[in-house]
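The values are calculated or read from the model by the stated rules, or taken from the named source; none is laboratory data. No experiment lies behind these values; they were computed from the predicted model shown. We place every Cβ from the backbone using ideal geometry, glycine too, and count neighbours over all the protein chains shown.
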Amino acid sequence: MKTRAAVAVAAGKPLEIMEVDLAGPKVGEVLVEVMATGICHTDAYTLSGQDSEGVFPSILGHEGAGIVREIGPGVTSVAVGDHVIPLYTPECRQCKTCLSRKSNLCTAIRTTQGKGVMPDGTSRFSRNGEPLFHYMGCSTFSNFTVLPEIAVAKIRPDAPFDKVCYIGCGVTTGIGAVIYTAKVEPGASVAVFGLGGIGLNVIQGARMVGADRIIGIDINPAKRAMAEAFGMTHFVNPDEVGRDKVVQAVMDLTGGGADYSFDCTGNVQVMRQALECCHRGWGQSIIIGVAPAGAEISTRPFQLVTGRVWKGSAFGGARGRTDVPKIVDWYMEGKINIDDLITHTMPLEKINDGFELMHHGESIRSVVVY
Ligand code: NAD
Ligand code: AHE
Ligand code: ZN
């Protein structure tokens with residue numbers, strides 16, 4: 001079939017809207033009509049050429065919601081007409097990791113996913129007979145896409161696509177990092193570095209679990225108002241206190257250090273600040289931000305010897321097929337706010353505007369509606 005898509009033709013170039021060819025689902029795969037997709041900073045990161053797994057030409061996008069239109073042979077867990085959210089972190093429930101219950105990082109298809117192809121090693125997308133690569137196993141910047149059935153979460157049919165698409169990455173990543181990875185407890189102090197599409201969801205997760213102090217740190221003062229509306233109790237602007245004084249500022253606000261901190265910037269210097277502002281003896285720092293290829297983190301080992309813990313979190317530690325439908329329910333029941341974080345919507349033809357808004361710090365989430 002033919003489908004409309006925004007194609008990443010090369011690193012650093014704007015996406016190009018074009019009609020591409022899409023082959024039908026093979027064994028264990030489903031064809032999904034994507035109804036809406038968010039634009040995450042990770043899409044911009046890969047498009048910039050900084051992703052060591054970035055391949056071109058490809059169809060980016062990993063924060064979508066849509067409807068199953070066709071199922072391949074052997075598919076049993078979803079049916080035509082089901083509403084789904086694509087999962088860049090699938091849940092096969094059979095691999096060593098899924099069975100361990102210790103991590104959400106299902107390994108069933110990770111190798112081929114990172115190479116931009118389906119589990120059989122080929123792409124379903126092509127143009128003029130030349131293959132186009134998939135992205136994070138999702139490629140939601142295409143109106144139709146093909147995914148393995150283990151990489152879709154079936155959701156309730158009354159949830160609006162243009163809102164719950166954000167649960168496909170940002171909402172789950174931020175809230176999940178708080179509840180599944182860090183397991184923040186009521187009364188805790190939390191420091192959130194980077195108040196964008198992820199950081200604001202960390203803040204709403206921290207408020208949800210009853211954190212006491214929620215400190216937001218961002219170099220863009222325009223993020224303050226939205227963060228306060230989502231539960232931030234104190235704001236630190238590194239350019240006001242001095243970039244080398246951010247750690248002290250958080251220490252002062254928390255009486256010796258945060259119980260938990262989260263990096264939502266992808267900047268390795270910020271990751272160090274996030275670790276070092278944690279409380280001696282028990283503070284945990286969770287890295288969410290994705291750093292450029294080749295970047296490394298550093299700190300004095302003494303920071304860890306004295307009890308601080310450095311952790312990472314992918315997709316908020318959520319098990320997609322199990323947890324995503326529940327998070328959709330939380331949204332539908334009014335327990336979490338997604339609407340106010342979606343600051344812009346646009347048709348596919350305007351998708352590059354969404355990237356521009358993000359780069360200029362003018363949006364929280366832009367959503368493309370097909
Ligand atoms: P975003 O662009 O919406 O937000 C980033 C925020 O960080 C902005 O508000 C920006 O002003 C702020 N910032 C930049 N430099 C800063 C600094 N030095 N100090 C303080 N604040 C600073 O991006 P996003 O969509 O929220 O994504 C944030 C990061 O999370 C990205 O690196 C993205 O790739 C990553 N991410 C990771 C996962 C995961 O599963 N681990 C999932 C989604 C996104
Ligand atoms: N390709 C990158 C890795 C990027 C990365 O860490 N991705 C996150 C999700 S970001 C969503 O916006 C993730 O899930 N990581 C776990 C995994 O298995 O990729 C690189 O650096 O090579
Ligand atoms: Zn993302």
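Quick one: which helices (runs of 4 or more DSSP H) lie wholly within region 189-245 and hold at least 1 residues that are closer than 20 Å to ARG365 by Cβ?
Qualifying helices (runs of 4 or more DSSP H): 199-208, 224-229.
Would you check if GLY197 is on the phi > 0 side of the Ramachandran plot and not assigned by TED's automatic domain parsing to the domain that holds LEU357?
no
Considering only region 292-322, state which residues are within 16 Å of ligand 3 (Cβ to nearest atom) and closer than 17 Å to CYS169 by Cα.
GLY312, SER313, ALA314, PHE315, GLY316, GLY317, ALA318, GLY320
Residue by residue through region 238-265, note down the ones that are surrounded by fewer than 21 Cβ atoms within 10 Å (Cβ to Cβ) and either of a type outside the set (A, V, I, L, M) or more than 15 Å from VAL192 (Cα to Cα) (or both).
If the condition is that a residue be surrounded by fewer than 21 Cβ atoms within 10 Å (Cβ to Cβ) and either of a type outside the set (A, V, I, L, M) or more than 15 Å from VAL192 (Cα to Cα) (or both), then PRO238, ASP239, GLU240, VAL241, GLY242, ARG243, ASP244, LYS245, GLN248, ASP252, GLY255, GLY256 are the ones that fit.
Are any of the residues in region 43-58 of a type outside the set (Asp, Glu), away from ligand 2 (no atom under 16 Å from the Cβ) and part of a loop (DSSP other than H, G, I, E, B)?
Yes, region 43-58 contains at least one residue that is of a type outside the set (Asp, Glu), away from ligand 2 (no atom under 16 Å from the Cβ) and part of a loop (DSSP other than H, G, I, E, B).
I need the full set of residues from region 95-123 which are in a loop (DSSP other than H, G, I, E, B), away from ligand 2 (no atom under 16 Å from the Cβ) and within 17 Å of ASP323 (Cα to Cα), in order please.
If the condition is that a residue be in a loop (DSSP other than H, G, I, E, B), away from ligand 2 (no atom under 16 Å from the Cβ) and within 17 Å of ASP323 (Cα to Cα), then ARG101 is the only one that fits.
Please work out if VAL268 is surrounded by 14 or more Cβ atoms within 10 Å (Cβ to Cβ), under 19 Å from the mean Cα position of the chain (by Cα) and within 26 Å of VAL171 (Cα to Cα).
The answer is yes for VAL268.
Pairs only if they're at least six apart or on different chains, beta carbon under 6 angstrom, first in region 273-294 and assigned by TED's automatic domain parsing to the domain that holds ASP244 and within 14 Å of ligand 1 (Cβ to nearest atom), second in a loop (DSSP other than H, G, I, E, B) and among the acidic types (Asp, Glu); list them, first residue then second.
none
Every residue, every condition in (1) closer than 30 Å to ILE179 by Cβ; (2) without any contact (Cβ under 8 Å) to a residue 24 or more places away in the chain; (3) within 15 Å of ligand 3 (Cβ to nearest atom), yes or no:
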{"site": "GLY54", "(1), (2), (3)": "no, no, yes"}
{"site": "ALA65", "(1), (2), (3)": "yes, no, yes"}
{"site": "ARG69", "(1), (2), (3)": "no, no, no"}
{"site": "GLY72", "(1), (2), (3)": "no, no, no"}
{"site": "GLN94", "(1), (2), (3)": "yes, yes, no"}
{"site": "THR97", "(1), (2), (3)": "yes, yes, no"}
{"site": "ASN104", "(1), (2), (3)": "yes, no, yes"}
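Can you list residue pairs whose Cβ atoms sit under 6 Å apart, with the first residue in region 255-272 being more than 16 Å from ligand 3 (Cβ to nearest atom) and the second being hydrophobic (A, V, I, L, M, F, W, C) and assigned to a helix (DSSP H, G or I)? Count only pairs 6 or more apart in sequence or on different chains.
So the pair list comes out as GLY257/MET251; ALA258/VAL250; TYR260/ALA182; SER261/ALA274.
Just for region 184-203: of the residues that are surrounded by fewer than 24 Cβ atoms within 10 Å (Cβ to Cβ) and either in contact with a Ser or Thr (Cβ under 8 Å, 6 or more places away or on another chain) or not charged (D, E, K, R) (or both), which one is nearest to ALA249 (Cα to Cα)?
Restricting to residues being surrounded by fewer than 24 Cβ atoms within 10 Å (Cβ to Cβ) and either in contact with a Ser or Thr (Cβ under 8 Å, 6 or more places away or on another chain) or not charged (D, E, K, R) (or both), the top hit is ALA188.
Can you tell me which residue is surrounded by the most Cβ atoms within 10 Å (Cβ to Cβ) among those in region 116-160 that are β-branched (Val, Ile, Thr) and touching a strand residue (DSSP E or B) at 6+ places or on another chain (Cβ under 8 Å)?
The extreme case among them is THR140.
Any residue at all in region 69-78 that's surrounded by fewer than 17 Cβ atoms within 10 Å (Cβ to Cβ) and in a strand (DSSP E or B)?
yes
Being surrounded by 16 or more Cβ atoms within 10 Å (Cβ to Cβ) and away from ligand 1 (no atom under 16 Å from the Cβ) narrows it down to one of ILE59, ILE39, so name that one.
ILE59
Check whether at least one residue in region 345-368 is surrounded by 19 or more Cβ atoms within 10 Å (Cβ to Cβ), out of contact with any Phe, Trp or Tyr (no Cβ under 9 Å at 6 or more places or on another chain) and either among the hydroxyl-bearing types (Ser, Thr, Tyr) or in a loop (DSSP other than H, G, I, E, B) (or both), and report yes or no.
Within region 345-368 (the criterion being surrounded by 19 or more Cβ atoms within 10 Å (Cβ to Cβ), out of contact with any Phe, Trp or Tyr (no Cβ under 9 Å at 6 or more places or on another chain) and either among the hydroxyl-bearing types (Ser, Thr, Tyr) or in a loop (DSSP other than H, G, I, E, B) (or both)), the answer is yes, since at least one residue qualifies.
Quick check on my filter: what residues within region 130-156 are aliphatic (A, V, I, L, M) and not in a strand (DSSP E or B)?
Across region 130-156, the qualifying residues are LEU132, MET136, ILE150, ALA151.
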